[in-house]
Each structure stands twice: as C-alpha cells, then as structure tokens.
Amino acid sequence: MSEDLAPPAEAQAERRLNMIEAINEALDIMLARDPDVIVMGEDVGYFGGVFRATAGLQAKYGKTRVFDTPISECGIIGVAVGMGAYGLRPVPEIQFADYIYPGLDQLISEAARLRYRSAGDYIAPLTVRSPFGGGIFGGQTHSQSPEALFTHVAGLKTVVPATPHDAKGLLISAIEDNDPVIFFEPKRIYNGPFSGYYDKPVAPWKTHPDSIVPEGYYKVPLGKARVVQEGEAFTVLAYGTMVHVAEAVCKAKGVDAEILDLRTLVPLDINAVKASVEKTGRCLIVHEATRTSGFGAELSALVTEHCFYHLEAPVERVTGFDTPYPHSLEWAYFPGPVRIGEAIDKLLKD
Amino acid sequence: MAGPAKPADTNRPALALHVPEPKCRPGDKPDFSHIDIGTAGAQPRPDESVHPAQIQDLAFSLIRVLGEDNQAHGPWNPRLDPQTLRTMLGHMAMVRAFDERMFRGQRQGKTSFYMKCTGEEATSIAPAMALASDDMVFPSYRQQGILIARGYPLIDMINQIYSNKADKLKGRQLPIMYSSREHSFFSISGNLATQCPQAVGWAMASAIRGDSRIAASWVGEGSTAEGDFHSACTFAAVYNAPVILNVINNQWAISSFSGFAGAERTTFAARGLGYGIAALRVDGNDALACYAAAEWAANRARANHGPTLIEYFTYRAEGHSTSDDPSAYRSAQEREEWPLGDPVARLKKHLIAIGEWDEARHAAMDLACAETVKAATKEAEKNGILGHGLHHPFHTMFEDVYEELPWHLQEQAEQAIRERIAKFGTERPFG
C-alpha cells in the first residue's frame, strides 16, 4: 500500500489522545460544524486556556467565536444565558470548578429555569466546562468537586467524563443538548488515568484502551453509564477520576467487582445501576467530593429504594472527608486505596 | 531596609459606622431641598459618537425637556409629532388604568400578587417607543409599559396574572413575570439584576452575528448593588456591546431608600463613568426626555459606538407591591410633593399647551382605557382566576424542566397523578 493513501479505518481507530486533546478536538469539531457555537472564558482565547483545552481554536475560528472574558464568573454565565436567548450555543469555561460560585445564581435561578419559567419561549443551551477535583496539590481553591450543588438543581444536567474517548463524545452531546449542561472535567486525569497510588509512577493515557479516540464527529449519549468491567462480587458506582482509582484498587485486591462509570449524574442511568446491583447484591459508591449530602448519598438512597431486596450488605460510601481540601495533607483527604480497600473488606465480609 | 513596624497610637479616635437614613419618615414633612432638578432645556446634547469622558457632567445633572411652562425646551427635545405624543400619552394612561384594575383584582382575591408602576410609566413606555420593535428588552418587574407599548394583548397579561388555563406561561410564574419572545421581551426573573448581564450577552451575540438589533435592560436603583449589574457594566464596556443599561431610580427599594444603594455619595448614572460607559441622568417623569435619552443611546449602540447607562430619576408613587405598606416607612406626602411631578399629567399638559389635546378628550381617553381593561378582565376571567381550578392541565407541571422528561420526573409525575386520584377520585376533577 502506498504511503500517499489515507490510512485505513482500523489504523485511524488506533489514534490515541489524552483528555485535553480529546476535549480540544470536540470543541474544534463543534466550532466547525455549528456557527452558533461560541467558546469563551478566562484565558481561553489567544493563550488557549490554563490547561490548554482551547489551544489553537481562536487562531482557527477568530476572535468573535473564541475569546477571553473578564474575571467574572457571574458575567460569563450571565452573558452566556443572554447569548443562548439570542440563539447561540455558548460553551463557557470556568477556569476551576472552585471559581464557579459567583456564577451560581445565573446557573441555578436563570439557566436552569429559563425553559420552565418561559414555558419554552426561551432556552439556555449552554455547556459550562470546568476542570474539577483534586490530587494536583491545588489547595482548597483548586481541588473541589462541587457536583452535588448542581445535581440538586432541577433543570441542569451534570456530566463527568472519565476517559478521552468519552470526554470527546460526551462534550459533543452536551454542546448539542438544548438544556444547560455542567461538564466537569476531572483534571487529575487530563494527562493520564490516575490509579490513586500517588507514590507510584503515573501511567500516561497512551497505554489505556480508552485513549483511542476516533477522528471526527461522534457522540456518547448523555444519561448512559458505561460498564468498565463486569464482575459478580459487588458493584462499584463511580465517575471521573475515581473510576480509575476504584479499578486499580479492585485489581490490586483481586476482587471480582463490576465497575460502572456513571458518566452522567443527572439524568442518571438508573437502569444500569439497578441491573448491576440486582446481579451482585452489594454496592460500593466512590466519589472524591465531601461526604455529607454528596452525590453518593443520592446514589445510596436510589440503590436502597430500587434494589433493597437484592442487597446482601449495607451500601458502602467512600468519599472525601467533610473538610476543605487541605494542601499539604491532600493525600490524607483523597479517598485512596486504603479507604476504598477497607470499604471493600467491609462490604464483602458477610 | 525594613524598619520597625509603626507602633499603634493609643490616642486614635474611635471609628464610627455610618448607617444611611432617609430625610423623612412617616409623619414628617418631605424635604427635597437636596435634589437639584436644574432647568429644562439647559443640558447639552452631544453627538452620539462622543467619548464617555467628554460628557461626564450629564451623569450628574438631569436631562429635562418639559418645562414649568409645559413647553418642550432645548436640544434634547425629540420633536415628536402630536400623534406620536398622543400615542405615548395613551399608552401611559392605559398602563395606569391597567395597574388600577389589577391591584383591585388582587385585593378581591383574584390573584396572589401585583406590582404597579404608578409614577414611573414614562421610564418604560418612552424608551420602548424609542427602540425598534425587534430590539430585545430585558425588563425588571415594573416595565409592563413596554408590553403595552409593543401591543401585547391585555388579555394575555391578565391570563398570566391570574395563572389561569390560558396563561401562556402555564401558571408557573408569579403574576407580572411575563415573557414574550414574539415581542422581543425576555422572561422576567424574580432574582434581581440577573437580566443585566443577559442583555449584554444578547447584545454581544447580535454583534457577533453582524445583526443590527440592539438590547436594553432595566433594573431598579436598589438592585444596582448586585454583582450582576457590575458584571454587566464590565462586559458591556470590554466588548463595546450594543446595549442600553437602564437604571430606574424610583428612590425606594421596598422600604430601603436609595441611600442603601449608594445615593448619598454619587448618582447612579455615575456608576457608568468608572467603566467608561456613556452615562445620562434623565428626569424620569418627563416622557420627552426619557424618549430622547433612549433614542440617543439606541443611535449610539446601533452605530457601534457602544453601551449607554441611563439613570431615570423618578419616584415610586405606590407601594413596592400588593404585599407592601409604604406608610410604615415613608412620608405619605412625598408623592404629592415630588419636585418632578407626575409623568402622565406633565405630558397631558404639554399636549394641551401646544393645542393638541384638551381636558374633555383626556377624560374620554381615561374612560375608554378603563372600559378596555374592564372588558379584557371579564374575558380573561372566563379562563379562570387563581386558585379556582381552571389552571393548566396537571401534567404540565413536569414539562419544560428539561426538553425531554427524564425517568425521575416521569416517576414523580406518576406519583402526582396517584395523589390526584386519591384526593379527587379523578386526575382531572375540573374537567
């Protein structure tokens, strides 16, 4: 075969990207496909974002499609709502999830309720991208996981990808969705699938099967979980970074876990949860966010309500502690292998 | 070289906190001596392309057109033809008649809540007439005048106020929180000042698209304290957005006088100066001045010269809402003695002064407005009043939360229907 010819489809399918590259590609594709798509945020324009997620996009699509904004999350979300009312499809970036709070009123009272309060007259088809989670020595203002604040809000969808493949497909789905979507990107796994063993070398994405990212446009649907691995002993419900940590711990312990990557928290794939827990009879919920009123509480309640008569042990929750994310003690906070291992032992002891 | 830290002085005076207090309270004689209303016609009218720094004085004076002699004066006179003036007066009279009847309807138990705009009619109607009908407006809750000026049917307003089965918003919103995309009128929020950055965003989108439509928002002086207002100013200035940021300074935010939003220190128009936004301060009870200022700002925005902040200096002649009793916190005489008078009376006197109107026609117009509102009310009542069962079908409660009904809302909708049947024996007890 001549080298001039395009590589066959199988070869294309072997293309490997990290999560940043996958997100950048999703934005690139949507900017090209849909003139209504606008990308904006602090440092996202000329510079390409502090995590490089928007690198090269301003040069390619121009300053009125991809641009920097003032340091005002309230303003960023507020103008995005107005742009949505005009008919655009804005994709604002909030530089860190920890910075999103000044924009909460615009998200909760405005974007989330606009369709409802106007009886469909106006919609807010925004996708708010924001890096979240810790494990990068970000201290308490660059490490938080505030997803439960958003899953609690009627009218918002909340999405958390765990792999480059899903990050691209989910982001395209989120941008095309006509409801406001909070798209939290687990920044600890931007460059590699972190195992939770922080004292061991970090693997890059290129050795992980889900770093194979097809070229071009494709979607991973919102509201559909992914079975990471099948198993019989118990079910793990996780999302984002914790999918990889749970997977590594289960492998290290040699337990036969079925791991679900939820991918979308609202709307949740309740059928996938039910099917798995009814099969295994045991359920471990893992998230990095603080424990009290965390999304794990909702998952635990749903599992109890839907699967109670299949349960052989109480549902276990492994989470971050109910403290701010401490800088020097971040690994003491992080729900790592020891905490997860202990919960697995407890879950399986009877 | 760093020296030793400055030692604490033990003789420093005690600090004192200033808590603003209005000049008069119930029973007091109003004192408006601190308000300089200037002279009608005295303010210069710069070209719309002017740099904001060159017109700083206009943020502190009052642009006025209608003088004590009821004639129009000076360069801000918009020179509207008599028919347009009569149309403007007609809209203002209609809003006043509408407010009267809806307020009464709330007192009669036909709805839960109402908000009048008495005394402020010019601040929504005149700008609405100065804008093009397809310019997008992001109102606060006291701009019913815009809908009237844009020809939105009274019966649709009343259906919304009654939350009845014909309410276009399906009974989901507090009365008066209208929405009409068809009339380029954004959905009103009960959360204050959120509409300001949204208007800026809409204007930015229009500019991104190379459209020719502009946006305008309205906010009360009290709500300018919200961060959203300042975000809006920042974004409007940064992107030179084709937007008009209107501040309705009606002196009162429920019971808090404008001092709690900073009025003791500077004007609200002056807020624009720090951002580099052109700022105008206008007699809000002078419909011609309101029109002229809005027209100037619209011309400026449409020519890509950027945003304008307009402070309409006016007076909230009635309570904040049907849930408010202003006699508990301010002098009842303020309304009568307000130095800028009443906007309807002033426009009426002007039309009479130029020989284009008379008392008899005015009385006939008021009567016709009252009759029109009465007829619309009777018609709307056929669709039900609040709490009498003639609301939207039950299942609509779960619609429009998302574009599609997710499983958890489907489950909750089924539960709600079970509750209905348990209580009434049928899902639709009112047919």
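The values are calculated or read from the model by the stated rules, or taken from the named source; none is laboratory data. Being a predicted model, the structure only gives us computed values, none of them experimental. Glycine also receives a Cβ, built like all others from the backbone with ideal geometry; neighbour counts cover every protein chain displayed.
Those residues that are part of a helix (DSSP H, G or I), more than 10 Å from every other protein chain (Cβ to nearest Cβ) and more than 26 Å from B:Gln160 (Cβ to Cβ), I need them from region A:81-140; list them, please.
Within region A:81-140, A:Ala97, A:Asp98, A:Tyr99, A:Tyr101, A:Leu104, A:Gly139, A:Gln140 meet the criteria.
Residues that are touching a Lys or Arg at 6+ places or on another chain (Cβ under 9 Å), modelled with pLDDT of 95 or more and among the small types (Gly, Ala, Ser): list the helices (runs of 4 or more DSSP H) wholly contained in region A:248-350 that include at least 2 such residues.
Working: elements: A:270-280, A:295-307, A:330-333, A:337-348.
Answer list for region A:248-350: A:295-307, A:337-348.
Taking region B:1-43, which residues are within 30 Å of B:Ser61 (Cα to Cα), of a type outside the set (Lys, Arg) and free of Cβ contacts under 8 Å to residues at least 40 places away in the same chain?
B:Leu17, B:His18, B:Val19, B:Asp31, B:Ser33, B:His34, B:Asp36, B:Gly38, B:Thr39, B:Gly41, B:Ala42, B:Gln43
Give A:Met83, A:Met40 a once-over and let me know the one that is within 24 Å of A:Gly133 (Cα to Cα), surrounded by 19 or more Cβ atoms within 10 Å (Cβ to Cβ) and hydrophobic (A, V, I, L, M, F, W, C).
Residue meeting the stated conditions: A:Met40.
Is region B:67-88 home to any residue that is surrounded by 15 or more Cβ atoms within 10 Å (Cβ to Cβ), closer than 30 Å to B:Gln173 by Cα and assigned by TED's automatic domain parsing to the domain that holds B:Tyr162? Don't jump to the end; show me each part of the working.
Our first condition is that a residue be surrounded by 15 or more Cβ atoms within 10 Å (Cβ to Cβ); within region B:67-88, this holds for B:67, B:70-74, B:76-78, B:80, B:85-88.
Still in the running and closer than 30 Å to B:Gln173 by Cα: B:88.
Imposing the further condition that a residue be assigned by TED's automatic domain parsing to the domain that holds B:Tyr162 reduces the set to B:88.
Taking every residue of region B:67-88 in turn, at least one turns out to be surrounded by 15 or more Cβ atoms within 10 Å (Cβ to Cβ), closer than 30 Å to B:Gln173 by Cα and assigned by TED's automatic domain parsing to the domain that holds B:Tyr162.
Report yes if some residue within region B:105-123 is modelled with pLDDT of 95 or more, crowded, with 21+ Cβ neighbours inside 10 Å and closer than 17 Å to B:Trp296 by Cβ; otherwise report no.
Yes, region B:105-123 contains at least one residue that is modelled with pLDDT of 95 or more, crowded, with 21+ Cβ neighbours inside 10 Å and closer than 17 Å to B:Trp296 by Cβ.
Go through region A:182-218 and count every residue that is part of a helix (DSSP H, G or I) and either surrounded by fewer than 21 Cβ atoms within 10 Å (Cβ to Cβ) or touching an Asp or Glu at 6+ places or on another chain (Cβ under 8 Å) (or both).
First, the residues of region A:182-218 that are part of a helix (DSSP H, G or I): A:187-189, A:205-207, A:209-211.
Filter once more, keeping what is either surrounded by fewer than 21 Cβ atoms within 10 Å (Cβ to Cβ) or touching an Asp or Glu at 6+ places or on another chain (Cβ under 8 Å) (or both): A:206-207, A:209-210.
Number of matching residues: 4.
Looking at region B:155-170, which of its residues are more than 7 Å from chain A (Cβ to nearest Cβ) and surrounded by fewer than 22 Cβ atoms within 10 Å (Cβ to Cβ)?
First, pick out the residues of region B:155-170 that are more than 7 Å from chain A (Cβ to nearest Cβ): B:155-167.
Within region B:155-170, B:Ile155, B:Asp156, B:Lys165, B:Ala166 meet the criteria.
When the residues of region B:63-77 are narrowed to those that are touching a strand residue (DSSP E or B) at 6+ places or on another chain (Cβ under 8 Å) and in a loop (DSSP other than H, G, I, E, B), which ends up nearest to B:Ala292 (Cα to Cα)?
If we filter region B:63-77 for residues that are touching a strand residue (DSSP E or B) at 6+ places or on another chain (Cβ under 8 Å), which is where we start, we get B:63-66, B:72-73, B:76.
Cutting the leftovers down to in a loop (DSSP other than H, G, I, E, B) gives us B:64-65, B:73, B:76.
Details: B:Arg64: 10, B:Val65: 9, B:His73: 12, B:Trp76: 6 Å.
The extreme case among them is B:Trp76.
What tally of residues in region B:252-297 results from selecting those that are among the aliphatic types (A, V, I, L, M), in a helix (DSSP H, G or I) and under 17 Å from B:Val65 (Cβ atoms)?
7
With the condition kept exactly as written, say whether any residue in region B:367-389 is within 27 Å of the chain's Cα centre (by Cα) and among the polar types (S, T, N, Q).
Within region B:367-389, one or more residues are within 27 Å of the chain's Cα centre (by Cα) and among the polar types (S, T, N, Q).
State yes or no: is B:Ala232 among the hydrophobic types (A, V, I, L, M, F, W, C), surrounded by fewer than 24 Cβ atoms within 10 Å (Cβ to Cβ) and in the same structural domain as B:Ala297 (by TED's automatic domain parsing)?
Numbers: among the hydrophobic types (A, V, I, L, M, F, W, C): yes; surrounded by fewer than 24 Cβ atoms within 10 Å (Cβ to Cβ): no; in the same structural domain as B:Ala297 (by TED's automatic domain parsing): yes.
In short, no.
Go through region A:298-313 and count every residue that is without any contact (Cβ under 8 Å) to a residue 24 or more places away in the chain and surrounded by fewer than 18 Cβ atoms within 10 Å (Cβ to Cβ).
Number satisfying all stated conditions: 5.
Do we have any residue at all in region A:280-291 that's over 25 Å from A:Ser145 (Cβ atoms) and not aromatic (Phe, Trp, Tyr)? Don't jump to the end; show me each part of the working.
Of the residues in region A:280-291, the ones over 25 Å from A:Ser145 (Cβ atoms) are A:280-281.
Still in the running and not aromatic (Phe, Trp, Tyr): A:280-281.
Scanning region A:280-291, I find at least one residue that is over 25 Å from A:Ser145 (Cβ atoms) and not aromatic (Phe, Trp, Tyr), so the answer is yes.
What number of residues in region B:189-231 are in a helix (DSSP H, G or I), small (Gly, Ala, Ser) and closer than 18 Å to B:Tyr141 by Cα?
Our first condition is that a residue be in a helix (DSSP H, G or I); within region B:189-231, this holds for B:195-208, B:222-225, B:227-231.
Add one more test, that the residue is small (Gly, Ala, Ser), and what stays is B:199, B:201, B:203, B:205-207, B:222-223, B:225, B:227, B:231.
In the following step, the residues that additionally are closer than 18 Å to B:Tyr141 by Cα were identified as B:199, B:222-223, B:225.
So the answer is 4.
Can you report the number of residues in region A:81-100 which are touching a residue at least 24 places away in the same chain (Cβ under 8 Å) and more than 18 Å from the chain's Cα centre (by Cα)? Before the answer, list the steps.
Kept after step one, since they are touching a residue at least 24 places away in the same chain (Cβ under 8 Å), are these residues of region A:81-100: A:81, A:83-85, A:87-100.
Still in the list and also more than 18 Å from the chain's Cα centre (by Cα): A:81, A:83-85, A:87-90.
Matching residues across region A:81-100 total 8.
Would you check which residues across region A:78-124 are out of contact with any Asp or Glu (no Cβ under 8 Å at 6 or more places or on another chain) and among the acidic types (Asp, Glu) and list them?
Listed by number, the residues that qualify are A:Asp98, A:Glu110, A:Asp121.
All but one of (1) outside any helix (DSSP H, G or I); (2) more than 14 Å from every other protein chain (Cβ to nearest Cβ); (3) surrounded by fewer than 24 Cβ atoms within 10 Å (Cβ to Cβ) hold for A:Gly155, so report the exception by its number.
Only one criterion is unmet by A:Gly155, namely (2).
Check B:Leu386, B:Leu409, B:Leu405 and return the single one that is hydrophobic (A, V, I, L, M, F, W, C), assigned to a loop (DSSP other than H, G, I, E, B), within 14 Å of chain A (Cβ to nearest Cβ) and surrounded by 13 or more Cβ atoms within 10 Å (Cβ to Cβ). Can you show your working first?
Details: B:Leu386 fails: within 14 Å of chain A (Cβ to nearest Cβ); B:Leu409 fails: assigned to a loop (DSSP other than H, G, I, E, B).
Residue meeting the stated conditions: B:Leu405.
If you check A:Ala301 against the conditions, is it closer than 24 Å to A:Gly134 by Cβ and of a type in the set (Gly, Ala, Ser)? Explain how you work it out, then say what you get.
Details: closer than 24 Å to A:Gly134 by Cβ: no; of a type in the set (Gly, Ala, Ser): yes.
No, not satisfied.
Of all residues in region A:59-80, which are surrounded by 21 or more Cβ atoms within 10 Å (Cβ to Cβ) and either outside any strand (DSSP E or B) or more than 24 Å from the chain's Cα centre (by Cα) (or both)?
A:Thr69, A:Ser72, A:Glu73, A:Cys74, A:Gly75, A:Ile76, A:Ile77, A:Gly78, A:Val79, A:Ala80, listed by residue number.
Here is a list: B:Asp99, B:Asp47, B:Asp57, B:Asp31. Which entry is under 26 Å from the mean Cα position of the chain (by Cα) and either modelled with pLDDT under 95 or not assigned by TED's automatic domain parsing to the domain that holds B:Asp358 (or both)? Before you say what the answer is, go through the steps one by one.
Details: B:Asp99 fails: either modelled with pLDDT under 95 or not assigned by TED's automatic domain parsing to the domain that holds B:Asp358 (or both); B:Asp47 fails: under 26 Å from the mean Cα position of the chain (by Cα); B:Asp57 fails: either modelled with pLDDT under 95 or not assigned by TED's automatic domain parsing to the domain that holds B:Asp358 (or both).
Going through B:Asp99, B:Asp47, B:Asp57, B:Asp31 in turn, the sole match is B:Asp31.
So, in region A:219-247, exactly how many residues are buried (at least 20 other Cβ atoms within 10 Å of the Cβ) and in a loop (DSSP other than H, G, I, E, B)?
Residues flagged as buried (at least 20 other Cβ atoms within 10 Å of the Cβ) and in a loop (DSSP other than H, G, I, E, B) within region A:219-247 amount to 6.
When you go through (1) farther than 18 Å from A:Gly84 by Cβ; (2) without any contact (Cβ under 8 Å) to a residue 60 or more places away in the chain one by one for B:Pro197, which number turns out not to apply?
(1)
Among the residues of region B:189-203, count how many are within 7 Å of chain A (Cβ to nearest Cβ) and of a type outside the set (S, T, N, Q). Don't jump to the end; show me each part of the working.
First pass over region B:189-203, keeping only residues within 7 Å of chain A (Cβ to nearest Cβ): B:189, B:191, B:194, B:197-202.
Subsequent filtering for residues that are of a type outside the set (S, T, N, Q) retains B:197, B:199-202.
Result for region B:189-203: 5.
Could you count how many residues in region B:133-175 are more than 25 Å from B:Arg346 (Cα to Cα) and not in a helix (DSSP H, G or I)?
Number of matching residues: 21.
Among the numbered conditions (1) under 17 Å from the mean Cα position of the chain (by Cα); (2) closer than 30 Å to B:Asp211 by Cβ; (3) away from every other protein chain (no Cβ under 14 Å), tell me where B:Met136 comes up short.
So B:Met136 meets the others, but not (3).
Table: residues versus (1) in the same structural domain as A:His152 (by TED's automatic domain parsing); (2) basic (Lys, Arg); (3) out of contact with any helix residue (DSSP H, G or I) (no Cβ under 8 Å at 6 or more places or on another chain).
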position	(1), (2), (3)
A:Val245	no, no, no
A:Lys251	no, yes, yes
A:Cys283	no, no, no
A:Val286	no, no, no
A:Thr292	no, no, yes
A:Phe308	no, no, yes
A:Glu316	no, no, no
